[in-house]
Amino acid sequence: MTLMSASSQPVDAIFVLGGSIQREIYVGVQATEHPETPILISSGSQDPCIKLIFQKYLASMRSPSLQSTIIKNVWLEKCAKSTFGNFYYGIPILKRWRVKKVKLVTSSTHLPRAKWMAQILLGSHGIWVEPDIINEKGVPGNRESWLKTSLDVTRSLFWAIVSQFREPECGKVIRLADVDMDEWVERGFKCERQVQIKIPQPKSKSQ
């Protein structure tokens with residue numbers, strides 16, 4: 001009954017599963033259409049690449065205040081190492097946000113495993129899942145198999161029970177607005193070619 005009630009409500013948050021920068025490009029566009037909706041990106045691309053993606057699409061918005069709102073509403077979780085980890089660390093964050101309905105952004109190459117895991121794990125906490133599936137370009141990085149799906153679904157069923165009593169903490173959660181671009185530029189970084197953005201160059205040091 002809780003889930004059915006949540007299904008008719010507006011989306012409270014957007015949850016992006018890392019593993020493809022195309023998902024982050026997609027959600028960068030979505031953010032301009034839903035500026036008040038918080039976004040959680042779980043183990044996505046490098047922090048500066050994500051920030052550049054959002055800055056690219058926010059540049060088309062005339063309102064600086066809305067741009068600032070969006071940047072402050074995007075959070076990066078950097079602990080997850082797998083799809084299961086995305087939910088393992090993401091659910092406590094979504095619960096703190098009091099989310100009841102989440103838009104799950106992933107790729108068609110991630111199905112049906114990611115969708116089933118989301119429905120089991122998020123559903124066990126009363127969070128309705130609205131999948132938002134994008135089509136990958138090129139060769140996907142992940143390979144789905146029924147063995148992999150079966151193992152992750154079984155593990156999800158177990159964790160759906162345990163997670164009612166235990167909430168793991170990720171110590172690597174950062175707001176997109178706090179990503180220090182100057183520091184990243186000095187360290188050096190590269191983004192995937194799909195981003196199609198110009199990466200800032202280090203400032204020349206005065207003699």
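The values are calculated or read from the model by the stated rules, or taken from the named source; none is laboratory data. It should be emphasised that the depicted structure is a prediction, and the values quoted were computed from it without experimental measurement. Here the Cβ is made from the backbone with ideal geometry for all residues, glycine too, and neighbour counts use every protein chain on show. Just the protein is used for accessible areas: all its heavy atoms, side chains included, with ligands, DNA and RNA removed. Shrake-Rupley method; radii C 1.70, N 1.55, O 1.52, S 1.80 Å.
Might you check whether a residue that is surrounded by fewer than 22 Cβ atoms within 10 Å (Cβ to Cβ), hydroxyl-bearing (S, T, Y) and within 30 Å of S150 (Cβ to Cβ) occurs anywhere in segment 53-76? No: segment 53-76 contains no residue that is surrounded by fewer than 22 Cβ atoms within 10 Å (Cβ to Cβ), hydroxyl-bearing (S, T, Y) and within 30 Å of S150 (Cβ to Cβ). Within segment 85-108, take every residue that is assigned to a loop (DSSP other than H, G, I, E, B) and within 16 Å of the chain's Cα centre (by Cα) and give me the one that is surrounded by the most Cβ atoms within 10 Å (Cβ to Cβ). Per the criteria, the residue is V99. Here segment 146-174 is the region considered, the condition is being open to solvent by less than 30 Å² (accessible area, probe 1.4 Å) and among the small types (G, A, S), and the residue that is farthest from I120 (Cα to Cα) is S163. Taking every residue in segment 1-13 that is in contact (Cβ under 8 Å) with a residue 24 or more places away in the chain and within 26 Å of V27 (Cβ to Cβ) and pairing it with any residue that is open to solvent by less than 50 Å² (accessible area, probe 1.4 Å) and assigned to a helix (DSSP H, G or I), at least 6 positions away or on another chain, the pairs with Cβ-Cβ distances below 7 Å are L3/G123; A13/L94. Every listed requirement among (1) surrounded by 15 or more Cβ atoms within 10 Å (Cβ to Cβ); (2) of a type outside the set (A, V, I, L, M, F, W, C); (3) under 29 Å from F158 (Cβ atoms) is met by P48 save one, (3). Each residue in segment 69-84 was checked for being in contact (Cβ under 8 Å) with a residue 40 or more places away in the chain, assigned to a helix (DSSP H, G or I) and closer than 21 Å to I197 by Cα, and 1 pass.
Residue by residue, here is whether (1) among the aromatic types (F, W, Y); (2) in a helix (DSSP H, G or I); (3) modelled with pLDDT under 95; (4) in contact with a strand residue (DSSP E or B) (Cβ under 7 Å, 6 or more places away or on another chain) holds:
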{"residue": "N142", "(1), (2), (3), (4)": "no, no, yes, no"}
{"residue": "L147", "(1), (2), (3), (4)": "no, yes, yes, no"}
{"residue": "S150", "(1), (2), (3), (4)": "no, yes, no, no"}
{"residue": "I161", "(1), (2), (3), (4)": "no, yes, no, no"}
{"residue": "E167", "(1), (2), (3), (4)": "no, no, yes, no"}
{"residue": "C170", "(1), (2), (3), (4)": "no, no, no, yes"}
{"residue": "C191", "(1), (2), (3), (4)": "no, no, yes, no"}
{"residue": "I199", "(1), (2), (3), (4)": "no, no, yes, no"}
{"residue": "S204", "(1), (2), (3), (4)": "no, no, yes, no"}
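Pick from segment 109-138 the residues that are under 19 Å from S45 (Cβ atoms) and not in a strand (DSSP E or B): which of them is most open to solvent (accessible area, probe 1.4 Å)? Residue satisfying both the conditions and the ranking: K137. Only one entry in A80, A59 is among the aliphatic types (A, V, I, L, M), touching a Cys at 6+ places or on another chain (Cβ under 9 Å) and closer than 30 Å to V185 by Cα, namely A80.
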